[in-house]
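Student: My questions all concern the structure below.
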Amino acid sequence: DPVVALPSPRMPQQQQQPPQSVLNPGQDPMGPQHLHQQPDAESGAGGQLQQQQQQPHTGGLIRLPETLRRDAMHRGPKDGRQVPIVVVRPQSHHAQPQPAMQSEESQAAAEHIEQVCQLDSELDRLVQQWAPSMDPQVWWGLVQRPRLDLLHRCADALRAGAGWQESNSGPQPALDQRMWRSGFHAIVEQLRQMSGPDQPERLAERGRELALDMIESGWQFLQQLADQLAAEHELPVELPLRIGFLPPAVRCTRWQRLGLLLIQRLYLNIGDLLRYREVFSGGADYSEARSWYLKAVALEPKNGRTYHQLAVLANATKRRLDAVYYYMRSLAASHPVDLSRQYLAQLFEEARRRAEAAWRQREAERSKRQRAKNAGSSGPSLSSGGLRALQQPNRRCRVEVWVPVSGAGRQLSSGLLNSDEEDVEQEEDLDQLSFIEINTAFTASYLHCHGKLFTRIGMESFQEACSQTLLELAAWLRHEPPAERLLQLAAGCVFSASWAARQGPPGAAQYRSVQLESAVRLALDFAAVLARHCRHLLAEHVKNGGCLPLPEPTRALLSSLKLLLDWMEVSPEAWNPPPLQRDPHLQPQLDVWEDLASLFTDCARFSNRPEVRRQLLDFEESKKPPISPPGSCRLHVILQEDVFANGFTPMLNRTPIFYVAKQAPAELSAVTDAPEAWSVRERLLEDSIRLDACAVFADYLCGLEPPLLGYSMEAGGAYFSQQLDKLASERMEDCQQPQPQPPSLEFAEAGIQDEPDESGAASADDELAASAAADGIRELRLRKQELRRALDEQQERQRAYKSSGQRYMELEIVPINLLPDTNCYIHYLGEIRSLLAMGKHNLILPIVVLNELDHLAKHGDSSEHAGYVASQARAAVAMLEEAFESKAGGAARRRVKAVTAKGSTLDTIAFRSEVIGRPAKNDDLILSCCMNHCQDKASAFMPKDKDQPVRLHRDIVLLTSDRNLRLKAIGSNIPAKTVPAFFKWSGLPMCRN
C-alpha cells in the first residue's frame, strides 16, 4: 500500500478505494470534513496541479507498482490519463535500458521534481500568511491540503526512486530534505511562534495541540515510509541496526548506498520530530528521540549531524560530558558540522568558570586547614614561615632520586617536607567524597582541561589543571564507573590530540606545538592511570583466586585502554618520539611506559596460569558475519570499543570486525558448563581478545627504533621501560652550567636578524615562503622568548649558587631497608605486614621503638582511643615476636632486624634493655639507627669538580608521621616519608580498616 493515500475529490465516490493510511482522518486536527473538501481549481495547489497535465505514459519509462500507478491516477486529470511518476534507478542486469530511454526517464524525473518545487513554493507562500491575530485553526486550514499534497508527491517519488540525492546540475537538495524542510520544519517553527508566550493563552493552547497532532502523525508517516523503502528496494537495514554497523563485506550497490543514506536522513527527521514533541509538551524525556538518532548512527557513522543532534539532547538534559563528547564526534566525523565548534566552545567556557570556582573553594579550605594545623602546633619549626624558610633551600639545592628495589625505573622528587604530605592529604580528601561529589568534581576538571586544549586559552596553567584532573580520575575510578563513560573519556583525549594536530600551522610536521605536546601528554597520562588501576584490580582478582571471565570493572578498563592503544597504533607520529614529562613536583607521578610495561607483564603472567590458559580461546578476524552450517553456530563477538570508534576520523575510520572463535561448538562446551553458557563464552572470547591485544602492543613497543619497552627472561618474563629519561645528575648539570643556545634558537636568530649567505639565500626564502603562516611565525617567536627566558633563569641561579657557596645535593635512594616509627605500628600495622609479606624490603626495628610499643601495650586506660592504641601495640609486639621466634619458613625472620642506637644487630628481641652513654631523646636514637646505615665517606661522594653536585647513596628510608622527626631526618640527609606517601610511590594499595 502507499504510505499516504487520500481519496481524490475528482473521482466518483463509488470508485474511491482509499488504502490504509498513516494519517488517519479521524486523528487530523481539522477533522475529516477538511480532508474531503475539494480545492479550488483556479487557485492553490490543486489548481496548479490541474494546469500541469503530463503526456500519457510511454513505453520507454519504467513501470510503477500497481498501487503507485493507481494512486497517481487518483491524482491525475479528469480524463483518466496517467501522470507518469518516473522511477530513476538502474534496472536489473538482465535488461539494461537504452540511451534514449534513459534520457526520457531523466527528463520525466526532472518534470516531476519541478512539480514538487511548485508545490513547495505554494506551501511556503501560505505558511508566511500567518498574522499574530489569526486563529491557528484558520491558518492550518490554509496550509493543510497543500502540505498533504507535497507529502504525497514526495513519498511517491521516493518510493519510485526519484530524488534520492542532491542534483549534480544545481544546488537542488534531495527530495526528502525538501519534504522535511517545507512539510515539517517550517510548519513546526510557525506553530512554535503561534504558541509562544506573547500569544493569548487560548490561541497558544490551540497552536500546541495542532503541533502535537501534526508531530504524532508525521513521525509515524516517516517511519512507515522508511520501512517501505527498505522492503521494496531490498536495503540492508536490519543488520546494522542489530549489530551497530554495516559490515564492509556486505556488498551494496551504489543504489543501495543511496537508499541507506536516505533512510538515515529519515531517521534523523523522526528523531527531530520526537524532540519537538517534548518541547511542545513541556517534557524532558528524550529517550525515544535518542533511540532514533542512534539508529541513524548505526546506518551512517560518518555523518556529523547525527552526533550534533545527540549533543543537543544531552545539552537539553544538562548532561554536559555527553554533550561535549557528541560535539567532539560531530567535529571528528568525515562530514563534520561546523556549528558544533561554537557550541563546544560555549560548554568549555562554562566549564572554565565552574573549575575556577571549585579551585578557589579548595584553596580556601586548604588554607583554613593549614592555619588550624599551624595554630595547634608548637615551636617555630612548625610555623608556616619557618617551614617555608627551611624548605626553600631544599627546593633549590637538594634532589632525591627514588629507585625501586627492582631497579625498573627512577623517579625524581624535590625532597620537600610538605610535598608528599599535601598530596596524601589531597588524595584522602578525594577518597572521602561520594560518587556524586567526585563525579561532579572530575567532570568539571576534565572539561576544563580539554577546554584549554580546544580554545588554547590559559595554557600557562594547563599542567596544574591536568594534575588535578588525573588525581580526581584516580579517585573516580575507585567507584567502578561504566564502560561507556570510560570510552567517552578516552575518545575525548584522542580527539584533543588530533584536533591540536589539525590546528597546527602549515608545514609543521617536523615539530609539535605546545598545544599538541600537552594534548598527547594528557592522553598518555590518562592511559597510565587506567593501566595502574587495571593492574590493581587484576592483582585483587588473582589474589582471590579468580580466573576468566574477568570482573566487569576490569573489563571496562581494558576496553577503554584498548581504544587508546588502537589510536597509538594507527597514529604513531602523534606520540613517537614521546612528549616531555610533566613537572616532577606535580602529582600524580606517572611514567606511562613503566605503567604499561607492568600491566603487560601482569596480563602475560595471568594468561600463562594453567587454569587461565585452559579458558583462553583462539580466534581469527573476519570482516563478514560468520555463516555457519545448519545445526551449528560459531562463537563470534564484536568488541564494544570497536563499534564505539566506528566513523571516528582520528582512528582512521576503522570499521569494526568480527572475532570468531576457532574452537568447535563441542570444544566450547568443555570450557564452561554454566547455565548462561553462551554469554559466558562470549565474555571469555572478549577477554581473550583484549589480553592478546595487550601482548601484541607490548611486542610492538619492543620493536620500535629506538624501543620503548624491553623484555627480560631473567626477570621471569617481564616487560620493562627503555625510555631514555634524563638522570637527575644530568638535570642538575643542566641547571648549573650555562647551556649553548639550541639550534632552533640560533637558526631563528640567523633567519630573522642576520643576513643569510648567498648560497643559502634561495633555500631560506623558499622554506620561509612555504611556512609563512602568521600563527606559525608567532609560535616560533614565543618559543624563542621562552627559551631565552629559561636560559636567563638558569644563568641567574648559577650565579646565585656560586656566590652563596652552596652545593647541590643529590640523593639516590633505593629503599631496601625500612625503619617504621612507633606511630606507624599503631596506625599502619596492616601496611607493615603487607610490606613484610612482599619480601622486597628489610624491616629495621630499633630497640627504642620496641620499648615504646611495650610501654603502650601495658599502660592503656579505659578510654576508647587509649584502648585502641594498646590493642594495636600488643598486636605489633606479637607480630614482631613471632617473626623472631619462628624457626620454620625463615623468610620473615631474615627480613626483620633488631638494631641498637650504636649500630649493633641483634638476633633476638628477648633482651630489650639498651645502654646509652648520655641521655638522649627517642627521636635522636631513631635517627642514630638510620645514620648507622649511611656510611658516607668524603672520598666516595665528594666530586673532583667543584661545580658538580654532591651525590649520596641511601638504602634506608624512615617511615614516620611525626613532622618534627621528618624535619630532623631531612636535615641529616636521611630520606623520610609517611606510610601513605611510600605506598603511593610504590604503587601498592593501602589496607582498608
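The values are calculated or read from the model by the stated rules, or taken from the named source; none is laboratory data. Note that the structure is predicted; figures quoted are calculated from it, not measured. Every residue, glycine as well, gets a Cβ built from its backbone with ideal geometry; the counts of neighbours run over all protein chains shown. Please note that ligands, DNA and RNA were not included when accessible areas were found on the heavy atoms of the full protein model with its side chains. Shrake-Rupley method; radii C 1.70, N 1.55, O 1.52, S 1.80 Å.
Student: What FRET efficiency comes out for the pair Glu201/Glu437, r = Cβ-Cβ distance, R0 = 35 Å, nearest 0.05?
Tutor: 0.25
Student: With a 1.4 Å probe and every protein chain kept in, tell me what percent of the accessible surface of region 247-315 is carbon plus sulfur. Could the numbers behind the result be given before it?
Tutor: On the way: 1220 of 2450 Å².
The nonpolar share, carbon plus sulfur, comes to 50 percent.
Student: Using 0.36 nm times the number of residues separating Ile657 and Asn576, minus their current alpha carbon distance, what extension gain do you get?
Tutor: Extending this stretch completely gives an extra 26.5 nm.
Student: Also, I was wondering about something else. Summing +1 for each Lys or Arg and -1 for each Asp or Glu, what net charge is found among the other residues whose Cβ lies under 11 Å from the Cβ of Val520?
Tutor: Spelling it out: positives minus negatives among the neighbours equals -1.
Student: Only Lys, Arg, Asp and Glu count, each charged at its Cβ (+1, +1, -1, -1), so figure out the dipole size of region 477-599 about its Cα centre, rounded to 20 debye.
Tutor: That gives region 477-599 a dipole magnitude of about 120 debye.
Student: Arranged from highest to lowest average of other beta-carbon atoms within 10 Å per residue, in what order do the peptides 902-914, 490-502, 835-847 appear?
Tutor: Order by mean packing, descending: 490-502, 835-847, 902-914.
Student: Provide the packing ranking of 654-660, 644-650, i.e. peptides ordered by the mean count of other C-beta atoms within 10 Å per residue, highest first.
Tutor: Details: 654-660: 19.0, 644-650: 21.9.
The peptides rank, most packed first, as 644-650, 654-660.
Student: Tell me the label-point distance for the pair Tyr511, Leu791, using the 7 Å Cα-to-Cβ offset, in nm and rounded to one decimal.
Tutor: About 1.4 nm separates the two model spin labels.
Student: What is the distance, in nm, between label points placed 7 Å from the Cα along the Cα-to-Cβ direction at Arg613 and at Ile816?
Tutor: Spacing of the two 7 Å Cα→Cβ label points: 3.5 nm.
Student: Another question, then. Where does the charge balance sit around Gly271 when Lys and Arg score +1, Asp and Glu -1, over other residues with C-beta under 13 Å from its C-beta?
Tutor: Charge balance near Gly271 sits at +3.
Student: Here is a further query. Just to be sure I understand the curve: with the Debye formula and one point per C-alpha of region 460-584, what is log10 I(q)/I(0) at q = 0.10, 0.14, 0.15, 0.20 Å⁻¹?
Tutor: Reported log10 I(q)/I(0), two decimals: -0.35, -0.65, -0.73, -1.15.
Student: Return the subset of Lys902/Lys968; Lys921/Lys968; Lys840/Lys921; Lys452/Lys784; Lys368/Lys984; Lys897/Lys921 for which the Cα-Cα distance in this structure is over 20 Å, preserving the input order.
Tutor: Details: Lys902/Lys968 18 Å; Lys921/Lys968 13 Å; Lys840/Lys921 31 Å; Lys452/Lys784 22 Å; Lys368/Lys984 25 Å; Lys897/Lys921 22 Å.
The pairs that break the limit, which is 20 Å between Cα atoms, are Lys840/Lys921; Lys452/Lys784; Lys368/Lys984; Lys897/Lys921.
Student: Once the Cα gyration tensor of region 549-642 is diagonalised, what are the square roots of 5 times its eigenvalues, in whole Å and ordered largest first, as equivalent ellipsoid semi-axes?
Tutor: 34, 19, 12
Student: Sort 249-256, 954-961, 520-527 by the packing proxy (mean of other Cβ within 10 Å over each peptide's residues), most packed first. Before the final figure, lay out the partial values.
Tutor: Working: 249-256: 12.1, 954-961: 22.0, 520-527: 24.4.
Per-residue mean Cβ counts within 10 Å order the peptides as 520-527, 954-961, 249-256.
Student: Given axes a ≥ b ≥ c from the Cα gyration tensor, I'd like to know whether region 278-343 is rounded (a/c under 1.5), prolate (a/b larger than b/c) or oblate.
Tutor: Details: a/c = 2.25, a/b = 1.41, b/c = 1.60.
The shape class here is oblate.
Student: Please name which of Pro301, Ala364, Ala314 has its Cα lying farthest along the dipole of region 299-377 towards the positive end, using unit charges on Cβ (Lys, Arg +1; Asp, Glu -1) and the Cα centre as origin.
Tutor: Working it through, the farthest residue towards the positive pole turns out to be Ala364.
Student: Per residue, how much accessible surface does region 471-594 expose to a 1.4 Å probe? Answer in Å², no decimals.
Tutor: Solvent-accessible surface per residue comes out at 34 Å².
Student: While we're on this one: Using only alpha carbons, build the gyration tensor for region 208-348 and give me the equivalent ellipsoid semi-axes, biggest first, whole Å.
Tutor: The equivalent ellipsoid of region 208-348 has semi-axes of 26, 21, 11 Å.
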